[in-house]
Each structure stands twice: as C-alpha cells, then as structure tokens.
Amino acid sequence: MSAPPTTGGPTLPQVRKLVSTIPGPKSQELLARKDAAVATGTGGVLPISVVAAGGGVLIDADGNSLIDLGSGIAVTGVGNSAPAVVQAVRRQVEQFTHSCFTIAPYEGYVKVAEKLNAITPGEHEKRSALFSTGAEALENAVKIARHYTGRQAVVVFDHAFHGRTNLTMGMTAKNMPYKNGFGPFAPEIYRVPASYSYRDGLTGPEAAARSILQLEKQIGAENVAAVIIEPIQGEGGFIAPANGFLPALQEWTSQNGVIFILDEVQTGFARTGDMFAANHEGIVPDLMTFGKGLAGGLPLSAVTGRMDIMNSAVGGGLGGTYAGNPIACAAALATIEIYEKDNLTERARAIGAIITDFFAGLAAEDDRVGDIRGRGAMIGIEFVETGTQRPAAALTSAIARKAGQDGVLVLTCGTYGNVLRFLPPLSISNDLLREGLQVVADALKANA
C-alpha cells in the first residue's frame, strides 16, 4: 500500500488527543454565540470550534486533537492548508483579489479551464466554465443542456443529491432536511429509479433498462434535455451503481440526442481511486460538473464538456460576480498539481482497501454491518437491524455521536439515514486512519 503523501497541511502532531470532553468549554462558548447569531437552518454535526487542521487531524479551541474522517465533505483531499496551496494563495492575494472574469479576464481562470479540458475523459475538443459552488455548476450544466437541445425535461434519480438552490433542490431526492417547506421547485424535473444493488438485487443493465423504460413512457425521449447522475451517489448513501448501469445510460442518451451529465462534485479529483469516477467504467460524458476537492478548500466549481455543447450559450449567458475567483483558481492549480505529483489516486485506493478490509472483518462478527461499498477513499457502510435489511438510522446516528465524543469525526448520510460515509483526507497516515476506524468500531459495540 502506498504511504501517505508529505504535502498535506501545517505541521501538527498526527495524534488523537482529548484534553476535555467534547465539546469543551471554549467550544461550548462559541456554540452559544453561534446560537445567538447564526440561523438555525445552518445546522451542525460536530460540536467543536476548529482552530487548526492538517494531515488527518482537526484541532479545537480547547486543545483537543480529533481524527478527521470527513475532509469537510470531500473538500480537503490534499490535506487542510497544504503548503503548496497556501503559497499559491498568498502569491495571488498579493497580486489582486478580484476583477470579475467576465469584466476583465485573467490567466488563472484560463489555466484552470485548460487543465480541466486536458485531464477529463475523452479526446474530443472541450470547453470549461468556472463557478463557485457545486450547486451553481449543476444549475449551469442544466442551462447549457437546455439551450443546446432546445428541450426542457431534466431526468434525475432516486437517492440523488445535487444541491440546495431552487433548481438543485428539485433535482435532489431527499426531503428532510433539504427540501421540506422550501417549494415550489423548478418545473420539468423527473425522477427515475437508480441502481442500488444491495436493495434491488438488479444487475447494472437490468437497472438501466428499468430507468429507461420509465423515462420513455412517462416523459418521452424527444422531450429530455439531459440525464444527470452522480457516478457514486453521495448524500443518498454512497451508492455505487452496479457495473454496466452508467454505460447503458450513456448509450441511450447518445442514441436519443440527450445530454449525459456526470455530477462529479463529490467523486472528482482522486477521491475514488482515479482522477474521476467516470474512468472506472470508461464513461465519457457530454458534460461534467466539479466542486469540493477541486481547489484545496477554496470555493470553486466547474462545468467541462464538449465544445459544441458548451459554446452553445450566448456570450454573457454564463458567469457570475465571483465565478472563477482568481484566488480560488490559484488554489486549484496548486491542488491539481498535488493530486498528480503525489499520485493521490493510488493513495485513495490504499485508503479504501484499509477501510473495506476493516469493516469486512467487523461484518463477519456483527450482521448490523449490512453493506460495504464505494470506491477508493469514498466508502459507505450501511447499517441495518440485526437479522434484517431494515435501515438502522438511530444506530448510525449513535455511532457517529459516540465517535465524535471520543475524538473521531465521521459523517452520516443516506436516504434512510443509516450510512456512515468515510472521506478521510488523502494525507492521513495509515496508523491514524486505523485508529479512527477502531474508535468507530468501539462505538458500534457500545451500542449493542
């Protein structure tokens, strides 16, 4: 297995250390201020106040050092405050912080677009447009697809998550907490079944045939502008579709003049053990969306795709005041260089092997570990009630809560709320990763 890279984060001791309860008194003070100043709807997972992070640890205001198995939801793949990213940001800040690319262009934006065009799947000529958030990238991908095809219908899938804006909420499957009370949503969004082999038992081609039949009968191929899917569904439960599902969808879209959009906001940039999850099955989508791991922690997203499709929008139809901010572009160029130079795709595969092997051993002893799935350093563990496949949401929440109290940040997800998602920074050490996994296992045993 590959060793962890040496480029991640500030020099912090890579240890789990608790000097207070979680949350400690200083974190509790900030949480009280948060309650008094911040809208309740922003929510919260781990009740700490972060003051430093790097490698595989988070340091809170009370001096606790916690193991980070979440990477800010797959954002800090190269490690928090990776030195090369920090240096690139400092240089850019000293030059200029903003001009708005659509007003006065700059090289950083162009270089990011050139890089994305070069490294994404397919040998065809491409174009890219940069934005700030994943949801913004998805909104613009839909705009582009509708403009190019002259069609309106957008097809999404069960268990999908695409964002929190009005359009992307409509594309998202899960009601609570993302959609409840926020409607009405944008029209012409249609949902069809996804591939979820643990629960539907279908092969990839069988699941694709089911989805295609429904969209043909209920929408009509001639009305569909785009089919949009995550190659591994993130918030929906880290659901990796059965082999053959994605290629069958792509073949259908190609035959019917439909734009095939792959949402790689969470899976992109080494996370799944390849630079892009599309590469695992040789998928070459028409458009791809990116975010999260693109810029080492700074807000940047992108749409990359076929030149004729991307160029169909009129001048001024794409953009935004902060879209492709120069500081974020500098961070992205440094971040992509780290992924490539440190071979973090191989590191992600090694991390994934450690996680899956660990939970396979645990599953042999505890049948509440229902399914282990994912790719690379994007692994989901689905928990069920013993002797059944009934989702164990309360157990999953209890495990995450107990692990947090014991100094390990791990995130939950899933349509049924019963999946732990593992997204460690690719800069985490093997020893620290294994320690974090053991803390999670101990939390499971504590909730027998």
Rounded, prolate or oblate: which fits region 395-441, taking a ≥ b ≥ c as square roots of the Cα gyration tensor eigenvalues, rounded meaning a/c under 1.5, else prolate when a/b beats b/c?
oblate
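In what order do Ser27, Ser195 fall by count of nearby beta-carbon atoms within 10 Å, going from fewest to most?
Ser27, Ser195
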Fewest-first sequence of Leu138, Leu167, Leu409 by Cβ atoms within 10 Å of each Cβ:
Leu167, Leu409, Leu138
Taking the simple approach of a point 7 Å from Cα along Cα-to-Cβ for both Ala209 and Lys111, what is their distance in nm?
5.1
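What order do you get for Ile259, Ile239 when you list them from fewest to most C-beta neighbours inside 10 Å? Numbers along the way, then the final one.
Numbers: Ile259 26, Ile239 29.
So the ranking, lowest neighbour count to highest, is Ile259, Ile239.
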Determine the distance separating the Cα centre of region 290-323 from the Cα centre of region 86-129; give it in Å without decimals.
10
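If you take every DSSP beta bridge fully contained in the chain, what fraction is antiparallel? Give it as a percent rounded to 5. It would help to have the intermediate numbers written out before the result.
On the way: 33 of 49 bridges.
Taking every DSSP beta bridge within the chain, about 65 percent pair in antiparallel fashion.
Hey, what does the equivalent ellipsoid look like for region 84-341, semi-axes from the Cα gyration tensor as sqrt of 5 times each eigenvalue, largest first, whole Å? Present the calculation step by step, with values, prior to reporting the outcome.
Details: eigenvalues 184, 75, 61 Å².
With the √(5λ) rule applied to region 84-341, the semi-axes are 30, 19, 17 Å.
Please work out the ratio of the alpha-carbon Rg of region 341-448 to 2.2 N^0.38 Å and round it to two decimals.
Working: Rg = 13.3 Å, N = 108, 2.2 N^0.38 = 13.0 Å.
My calculation over the Cα atoms of region 341-448 gives 1.02.
What ratio of Cα Rg to 2.2 N^0.38 Å holds for region 35-126? Kindly include the intermediate steps, with their values, before the conclusion.
Details: Rg = 18.4 Å, N = 92, 2.2 N^0.38 = 12.3 Å.
Relative to the rule-of-thumb radius for its length, region 35-126 sits at 1.50.
When the convex hull of the Cα atoms of region 251-380 is projected onto a plane and the area is averaged over all directions, what value comes out in nm²? Each step should come with its number before you reach the end.
Working: hull surface 42.4 nm².
So the Cα hull casts an average projection of 10.6 nm².
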Lysine pairs within the chain, Cα separation less than 17 Å, 8 or more sequence positions apart or different chains
8
Cα convex hull of the chain, projected area averaged across orientations, nm²
20.9
Can you name the helices of the chain, as whole DSSP H runs, whose Cα span along the helix axis is 20 Å or more and whose Kyte-Doolittle mean is not below 0.5?
326-341, 344-363
Set of region 372-397 residues, backbone N closer than 14 Å to the point 7 Å along the Cα-Cβ line of Arg434:
none
Rounded to the nearest Å, the spacing of the alpha-carbon centers of region 155-176 and region 385-406 is 25
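Beta carbons within 10 angstrom, averaged per residue: use that to sort the peptides 33-43, 323-333, highest first.
323-333, 33-43
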What spacing in nm lies between the two simple spin-label points modelled at Thr386 and Asp442, each 7 Å away from Cα in the Cβ direction?
2.2
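Throughout, read-outs are computed from the coordinates displayed, never taken from laboratory work. These numbers were taken from a predicted model, which means no experiment stands behind them. Ideal geometry is used to build each Cβ from the backbone, glycine not excepted, and the neighbour counts take in all protein chains shown.
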